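None of the figures in this text is laboratory data; all of them are computed from the coordinates on show. All figures in this text were calculated on a predicted structure; none of them were measured in a lab. Here the Cβ positions follow ideal geometry from the backbone for every residue, glycine too, while neighbour counts run over all protein chains shown.
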Amino acid sequence: MRFVRSGSVWHVLLGIPLFLLVLGSCSSTPPVIPEGLTPMQFFQRAQEESDNYRWDNALLYYKTFLERYPDDLPNVLAARYEIAFIHYKKEQYAESKKLFEELLETYKKFENPLAVPQWPRVLAEKVLRKIQEKTRL
């Protein structure tokens with residue numbers, strides 16, 4: 001059996017990994033967010049985007065949630081936490097710090113703080129401490 005080494009075949013075969021690398025590095029287009037998504041669907045889709053490091057898409061889901069469900073207080077607090085945390089993951093510490101501090105200020109306004117979920121407040125305080133440590137260096 002005789003193999004012919006055609007330059008064009010080798011160029012194609014060697015070019016496939018490069019093509020896949022370039023294709024994978026292209027930024028994805030923003031998702032079209034359909035009307036009628038439930039809060040759970042917003043959070044699920046945002047988390048999927050975040051899990052795949054598509055931070056801007058995740059931010060779009062959370063921000064759209066805030067626009068569509070402004071009165072869903074427990075989930076509004078969660079979405080605001082997630083937005084701030086995405087900025088932290090993106091190493092945008094100044095923006096993240098500002099958003100976490102705004103979230104913590106919101107908690108001071110509740111007469112009964114136990115009437116709303118506390119996990120966003122607790123985690124925001126922890127991440128703020130990490131931001132302070134990272135920005136001190």
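Taking every Cα-Cα distance in the stretch 37-136 and sorting them into 10 Å bins from zero, the calculated P(r) comes out as 16, 47, 32, 5, 0 percent.
Round to the nearest 0.05 the FRET efficiency obtained for THR29 and LYS63 when R0 = 22 Å and r is the Cβ-Cβ distance.
Details: r = 17 Å, r/R0 = 0.76.
After rounding to 0.05, the efficiency reads 0.85.
For the stretch 37-136, a crude dipole built from +1 on the beta carbon of Lys and Arg and -1 on the beta carbon of Asp and Glu, taken about the Cα centre, is about 380 debye to the nearest 20. With both labels modelled 7 Å from their Cα along Cα-to-Cβ, the ASP51 to LYS108 distance reads 3.7 nm. Extension gain for VAL116 to MET40 (0.36 nm times residue separation, less C-alpha to C-alpha distance): 25.6 nm. Peptides 40-47, 63-70 ordered by packing proxy, namely the average of other Cβ atoms within 10 Å per residue, highest first: 40-47, 63-70.
Residue-wise HN-Hα couplings along the stretch 115-126, as the Karplus relation 6.51 cos²θ - 1.76 cosθ + 1.60 with θ = phi - 60° gives them from phi, are 6, 10, x, 9, 4, x, 5, 4, 5, 4, 4, 5 Hz; Gly and Pro carry x. Taking Lys and Arg as +1 and Asp and Glu as -1, the other residues whose beta-carbon sits under 14 Å from that of LYS97 total +2.
The stretch 118-137 and the stretch 74-88 have Cα centres lying 13 Å from one another.
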